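We did not get these values from a lab; they are worked out from the coordinates using the rules stated. Just so we're clear, the structure is a prediction, and the values are computed from it rather than from any experiment. Note that each Cβ is placed from the backbone with ideal geometry, even for glycine, and that neighbours are counted across all protein chains shown.
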Amino acid sequence: MAKVVLNVALPAFKYEAMYAGSAKNLVASSLDGRKVQLPLSAFQRFVTRQGIYGVFEVEFDDTNKLIGVTQIR
């Protein structure tokens, strides 16, 4: 099982544009420098009026399938 830690700062107006259909994935760099592409829906429960902000731990199985996202800060 692999884990990646991401620092996400996505303002509400950008999230709304993505959610409206212009993009379905969030591309972010992990704290160790890897680039990760995840479905935007994986972060839906973390959306606030300001957008999505925080440090998140993303867990994958052995086939790189997304298991879950947890906010750690």
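List of remarks:
- Taken along the Cα-to-beta-carbon direction at a fixed 7 Å, the label points for Phe13 and Phe46 span 2.3 nm.
- The calculated pair-distance distribution of the stretch 2-71 uses every alpha carbon pair, bins of 10 angstrom beginning at 0, and gives 20, 57, 22, 1 percent.
- When the charge dipole of the stretch 2-71 is built from unit charges on Cβ atoms (+1 for Lys and Arg, -1 for Asp and Glu) and taken about the Cα centre, the candidate among Val58, Pro11, Gly33 whose Cα reaches farthest toward its positive end is Pro11.
- Size of charge dipole - the stretch 2-71 - debye, nearest 20, with Cβ of Lys, Arg +1 and Asp, Glu -1, no other charges: 220
- For the chain, the 222 nm mean residue ellipticity estimated from helices alone, with every DSSP H stretch of n ≥ 4 adding -39500 (n - 2.57) and the total spread over all residues, rounds to -2000 deg cm²/dmol.
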